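Step one of this worksheet: look at the structure below.
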Amino acid sequence: MALIANIVSGSEASRLLLLVHGYGADERDLGGLQPYLDAEGKFAIVLPRGPQPAPGSPGFSWYDFGGDAVGGYVEALTALDEFVDEQCEALGFKRSEAIFGGFSQGGGLALGLALLPGERVRPAGVLAMSPAVPLGPEIDIAPEARTVPVLVQHGTNDPLIPVKSSRRLARHLRASGVPTVYREYPMEHQVAIESLRDARAWMDQVLAGEPPDEAIPDDPIELVPAVTTAEWEREVLRSETPVIVDFWAPWCGPCRQVSPVVETIAAMRQGSYKVVKVNIDDEPQIAQQYDVQSIPMIAMFRDGRMERKVVGAKARQQLEAELGMLVIP
């Protein structure tokens with residue numbers, strides 16, 4: 001398929017920087033990163049547009065998240081692979097000197113272009129910002145791609161793509177011999193000034209022929225861990241201490257408002273209460289069993305049964321009072 005693209009060429013451009021947008025955006029979306037990533041104009045920044053409209057938004061997507069996401073991802077990779085070759089030929093740049101980058105869907109596609117098996121020239125590096133990878137974090141890596149440096153960035157508060165997925169991805173890349181740097185930031189599904197500064201510093205190292213490679217830090221201890229259907233009985237129904245359950249979903253704005261309140265309760269009530277969360281999109285059986293029709297819904301479980309529930313985002317003192325807890329000032 002022929003892809004529409006926008007090209008922003010620097011005055012000293014000698015290589016290609018591919019930036020692939022995410023779901024619901026277009027070929028102009030990542031163009032605003034140019035002053036932060038390429039202030040000296042060393043790159044021709046190529047910004048392709050996803051081939052299909054994104055329902056519910058004015059933008060475009062590379063594949064559908066539902067249904068055959070893997071098939072759509074592979075088809076988009078093929079189109080981008082051909083597109084990069086065409087752009088390198090038209091601009092007179094070597095593909096081996098390019099940097100592939102992208103955000104969300106685009107981040108996952110940049111990784112695939114650089115690392116997955118296939119007869120293609122590998123780039124000089126990959127910038128994966130909050131990447132969505134439908135193949136899973138443990139992607140198959142071509143032997144000849146294990147020298148390609150990768151920077152993975154993610155927001156700790158990302159409501160759409162769990163930060164855990166990028167942590168697992170980074171660990172897998174590094175364990176496979178890929179020079180990998182991982183960074184996370186207190187942001188949601190977005191790009192921040194801090195992440196762009198780190199990306200620029202990383203790109204400078206890559207251009208200097210010094211592939212950055214750092215140990216991936218351990219996961220932080222979560223105040224409110226997620227509970228799956230398989231863990232429900234053990235973690236909630238059989239718990240010896242009362243359990244507060246936060247029923248939520250990534251698309252729920254009020255859920256994000258009440259999340260810090262629930263985390264505060266978890267921190268203040270350690271030892272007296274267990275606090276967990278359930279993503280109703282991922283665990284519909286639990287939501288149906290307890291008639292979760294509106295979220296956020298915060299429920300108190302004791303001795304294997306739900307005693308009380310509170311619907312809506314509320315202040316900590318009000319939430320604790322309605323759950324029947326002794327309110328701490």
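Residue 181 fulfils the conditions (1) in contact (Cβ under 8 Å) with a residue 40 or more places away in the chain; (2) touching an Asp or Glu at 6+ places or on another chain (Cβ under 9 Å); (3) in a strand (DSSP E or B); (4) of a type outside the set (Lys, Arg) except for a single criterion, (1).
Residues checked against (1) of a type in the set (Asp, Glu); (2) assigned to a loop (DSSP other than H, G, I, E, B); (3) in contact with a Cys (Cβ under 9 Å, 6 or more places away or on another chain):
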site: 278; (1), (2), (3): no, no, no
site: 295; (1), (2), (3): no, yes, yes
site: 308; (1), (2), (3): no, no, no
site: 317; (1), (2), (3): no, no, no
site: 320; (1), (2), (3): yes, no, no
site: 325; (1), (2), (3): no, yes, no
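Please count how many residues of segment 134-147 are of a type in the set (A, V, I, L, M, F, W, C) and touching a residue at least 60 places away in the same chain (Cβ under 8 Å). So that I can check it myself, show each step before the final result.
Restricting attention to segment 134-147, the residues satisfying the condition of being of a type in the set (A, V, I, L, M, F, W, C) are 135, 139, 141-142, 145.
Cutting the leftovers down to touching a residue at least 60 places away in the same chain (Cβ under 8 Å) gives us 135.
Total meeting the criteria: 1.
Among what's in segment 1-45 and is part of a helix (DSSP H, G or I) and either free of Cβ contacts under 8 Å to residues at least 12 places away in the same chain or surrounded by 17 or more Cβ atoms within 10 Å (Cβ to Cβ) (or both), pick the residue that is farthest from the chain's Cα centre (by Cα). Before you say what the answer is, go through the steps one by one.
Just the residues of segment 1-45 that are part of a helix (DSSP H, G or I), to begin with: 29-37.
Subset that is either free of Cβ contacts under 8 Å to residues at least 12 places away in the same chain or surrounded by 17 or more Cβ atoms within 10 Å (Cβ to Cβ) (or both): 29-30, 32-35, 37.
On the way: 29: 17, 30: 16, 32: 20, 33: 18, 34: 22, 35: 23, 37: 20 Å.
Here the residue is 35.
Confirm whether residue 128 is assigned by TED's automatic domain parsing to the domain that holds residue 94, crowded, with 16+ Cβ neighbours inside 10 Å and within 20 Å of residue 61 (Cβ to Cβ). Can you show your working first?
Values: assigned by TED's automatic domain parsing to the domain that holds residue 94: yes; crowded, with 16+ Cβ neighbours inside 10 Å: yes; within 20 Å of residue 61 (Cβ to Cβ): yes.
For residue 128, the condition - assigned by TED's automatic domain parsing to the domain that holds residue 94, crowded, with 16+ Cβ neighbours inside 10 Å and within 20 Å of residue 61 (Cβ to Cβ) - is met.
Give the residue, chosen from 167, 171, that is in contact with an Asp or Glu (Cβ under 7 Å, 6 or more places away or on another chain), in contact (Cβ under 8 Å) with a residue 40 or more places away in the chain and assigned to a helix (DSSP H, G or I). Among 167, 171, only 167 is in contact with an Asp or Glu (Cβ under 7 Å, 6 or more places away or on another chain), in contact (Cβ under 8 Å) with a residue 40 or more places away in the chain and assigned to a helix (DSSP H, G or I). When residue 316 is tested against the conditions (1) under 18 Å from residue 228 (Cβ atoms); (2) surrounded by 16 or more Cβ atoms within 10 Å (Cβ to Cβ), the lone failure is (1).
All told, residue 66 falls short of being surrounded by fewer than 17 Cβ atoms within 10 Å (Cβ to Cβ), outside any loop (DSSP other than H, G, I, E, B) and in the same structural domain as residue 90 (by TED's automatic domain parsing). Restricting attention to segment 92-122, the residues that are touching a residue at least 60 places away in the same chain (Cβ under 8 Å), part of a loop (DSSP other than H, G, I, E, B) and under 19 Å from residue 181 (Cα atoms) add up to 2.
Residues considered: 207, 196. Of these, the only one that is touching a helix residue (DSSP H, G or I) at 6+ places or on another chain (Cβ under 7 Å) and either at pLDDT 95 or above or farther than 27 Å from residue 299 by Cβ (or both) is 196.
Being at pLDDT 95 or above and over 28 Å from residue 174 (Cα atoms), is that true of even one residue in segment 94-112? Walk me through how you get there before you give the answer.
We begin by selecting, within segment 94-112, every residue at pLDDT 95 or above; these are 94-112.
If we keep only those that are over 28 Å from residue 174 (Cα atoms) too, we end up with none.
Checked against the condition, which is being at pLDDT 95 or above and over 28 Å from residue 174 (Cα atoms), segment 94-112 yields no hits at all.
The values are calculated or read from the model by the stated rules, or taken from the named source; none is laboratory data. None of the values given here were measured: they were computed from a predicted structure. All Cβ positions, glycine included, derive from the backbone under ideal geometry; neighbour counts span all protein chains shown.
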